[in-house]
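Written out below as structure tokens is the structure these notes cover.
Each reported figure results from applying straightforward, stated rules to the coordinates on display, with no laboratory input. These numbers were taken from a predicted model, which means no experiment stands behind them. Quick reminder, even Gly has a Cβ in these numbers, built from the backbone with ideal geometry, and neighbours come from all protein chains shown.
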Amino acid sequence: MISESINSPVIPEHIAIILDGNGRWAAKHNVPRAQGHKAGCETLEGIVEDCARLGVKYLTVYAFSTENWKRSEEEVGALMQLFRFYMVKLVDIAMKNDVRVKMIGDIERFDPDIRDGITNVIAKTDKNEGMTFTFAVNYGGRDEIRRCIKRMNEKGMDMSSLSENDISSNLDTAGIPDPDLLIRTSGEIRISNFLLWQIAYSEIYITDTLWPDFHRDELEKAIIAYNSRNRRFGGR
């Protein structure tokens, strides 16, 4: 437990997670990949509640990237069905834990009913005052920056005198502080086009644990590791 490992642990204000390993979990258990994604969704339910109870103020997860459309039609179809189911279930989880839900990414590619589900969960949780849970779907860091530039240009902003704040304020994550801790499961050592601008000074924690097996004890290990870091933000 965190309290037993560290005196007065610092809980990261913002944790971002690259959810990886559903397919390998499925292969390991000799079940269809769709079942691995379902197990991953169930794990996410628990982590949302755990982060809210620990006092994390912002949780952002990478659920479906702009590149994931390249997967098989069968797998993408199964993921879309899970989105439909969990957009409804997420309302109950969020309301139970006073969590506000946000989405980042370009949702226009999704079917109308999925877009409606996303709009519904955002609207119904908008007044919640606890943790902000941000779900990245059809999201890519490069695509976000491209859309940010387009957005600023459409506003008629002077592109020759932009500040870092101008850019941050026009990203999908406007109003959300940069992540303090970035967690990646399944042992892959790359950021996979996730929050390219925002993680400039995030502490990175890599675990070999596959996402469906990432439960509260693994979350606590990541926070303990975070507490061992000396964050200098480029200074000495």
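Among the helices of the chain (complete DSSP H runs), which have Cα atoms covering no less than 30 Å along the helix axis and a Kyte-Doolittle mean of at least -1.0? Intermediate values should be presented prior to the final figure.
Working: long enough: 33-54 (31 Å, -0.40); 73-96 (34 Å, 0.50).
Both cut-offs are met by 33-54, 73-96.
Over the stretch 114-236, what is the relative contact order in percent, taking alpha-carbon pairs closer than 8 angstrom and at least six residues apart? Walk me through the numbers before you get to the answer.
Details: 83 pairs, mean separation 25.9, N = 123.
Worked out over the stretch 114-236, it gives 21 percent.
State whether the stretch 24-70 is rounded, prolate or oblate according to the following rule on the C-alpha gyration tensor (a ≥ b ≥ c being the square roots of its eigenvalues): a/c under 1.5 gives rounded; otherwise a/b larger than b/c gives prolate, and the remaining case gives oblate. Mind showing how you got there, number by number?
Details: a/c = 3.86, a/b = 1.58, b/c = 2.44.
Oblate, because a/c is 1.5 or more while a/b does not exceed b/c.
If you put +1 on each Lys and Arg Cβ and -1 on each Asp and Glu Cβ, how big is the dipole of the stretch 80-182 around its Cα centre, in Debye rounded to 20?
Numbers: 15 positive and 18 negative charges, 60 e Å.
Approximately 280 debye in magnitude.
How do Phe133, Phe85 line up, fewest other C-beta atoms within 10 Å first? Working shown, then result.
Details: Phe133 27, Phe85 13.
Lowest count first: Phe85, Phe133.
Among Val121, Gln35, His14, pick out the residue whose Cα is farthest towards the positive end of the charge dipole of the chain, where Lys and Arg carry +1 and Asp and Glu carry -1 on C-beta, about the Cα centre.
With unit charges placed on the Cβ atoms, the residue in question is His14.
Once Lys and Arg get +1 and Asp and Glu get -1 on their Cβ, which of Phe83, Trp69, Asn97 lies farthest toward the positive end of the dipole of the stretch 54-97?
Result: Asn97, furthest along the dipole toward the positive end.
Describe numerically, in nm with one decimal, the distance between label points set 7 Å from Cα along Cα→Cβ at Ile224 and at Val31.
Going from the Ile224 label point to the Val31 one covers 2.8 nm.
Once you keep just the Cα pairs under 8 angstrom separated by 6 or more residues, what percentage relative contact order results for the stretch 1-130?
Working: 112 pairs, mean separation 30.9, N = 130.
Contact order relative to length: 24 percent.
Would you mind listing how long the stretch 84-159 runs along its three principal axes, going by Cα atoms, in whole Å with the largest first?
If we take the Cα atoms of the stretch 84-159, the spans are 44, 28, 18 Å.
Taking Lys150 as the anchor, which aspartates and glutamates have their alpha carbon closer than 14 Å to its alpha carbon, excluding any fewer than eight residues away along the same chain?
Hits, sequence-local ones excluded: Asp106, Asp158, Asp166, Asp172.
How big is the dipole moment of the chain about its Cα centre under a simple scheme where the beta carbon of each Lys and Arg is +1, that of each Asp and Glu is -1, and everything else is neutral? Debye, nearest 20, please. Don't jump to the answer; show the numbers that get you there.
Values: 31 positive and 36 negative charges, 54 e Å.
Here the chain has a charge dipole of around 260 debye.
Which order, highest average first, do 87-94, 135-142 follow once you tally other Cβ atoms within 10 Å for each residue and take the mean per peptide? Walk me through the numbers on the way to the answer.
Details: 87-94: 18.0, 135-142: 21.5.
Per-residue mean Cβ counts within 10 Å order the peptides as 135-142, 87-94.
From the Cα gyration tensor of the stretch 87-236, with a ≥ b ≥ c the square roots of its eigenvalues, which class applies: rounded if a/c is under 1.5, or else prolate if a/b is larger than b/c, or else oblate?
Details: a/c = 1.74, a/b = 1.08, b/c = 1.61.
Judged from the Cα gyration tensor, the stretch 87-236 comes out oblate (a/c at least 1.5, b/c at or above a/b).
Considering lysine pairs in the stretch 6-110 that are 8 or more places apart or on different chains, how many have Cα atoms under 29 Å apart?
14
I'd like the FRET efficiency for Ala123 and Arg216, computed as 1/(1 + (r/R0)^6) with the beta carbon distance as r and R0 of 25 Å, rounded to 0.05. Mind showing how you got there, number by number?
Details: r = 30 Å, r/R0 = 1.19.
So, using R0 = 25 Å, E works out to roughly 0.25.
Report the relative contact order of the chain, percent, no decimals, based on alpha-carbon pairs under 8 angstrom and at least 6 residues apart.
Values: 360 pairs, mean separation 69.1, N = 236.
About 29 percent, as a whole number.
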